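The values are calculated or read from the model by the stated rules, or taken from the named source; none is laboratory data. None of the values given here were measured: they were computed from a predicted structure. Here Cβ is always computed from backbone atoms with ideal geometry, including for glycine, and neighbour counts include all displayed protein chains.
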Amino acid sequence: MLEKLFKDAGYTVPELLEYIEKLEKDQDLMAETIKKMKLESIRKASASAGMNSRLKDALRE
């Protein structure tokens, strides 16, 4: 679609289209990485919360 717009406007810059595609791929990769990091953070938080509750139970006894 963007290529058609370029042609209609009389522009021919294939490097720009490649650059835009690269940015889209990079953005997708970054979004995936962020998602993984958030999940890892949640797992770590829940694991440490579990340890804290076990420690509290042991102290109560």
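Descriptive notes on the structure:
- Positions within the range 11-43 being modelled with pLDDT under 95, in a helix (DSSP H, G or I) and of a type in the set (Ser, Thr, Tyr), in sequence order: Tyr19, Ser41
- Qualifying residue in the range 45-54 (condition: modelled with pLDDT of 75 or more, assigned to a helix (DSSP H, G or I), surrounded by 10 or more Cβ atoms within 10 Å (Cβ to Cβ) and of a type outside the set (Phe, Trp, Tyr)): no
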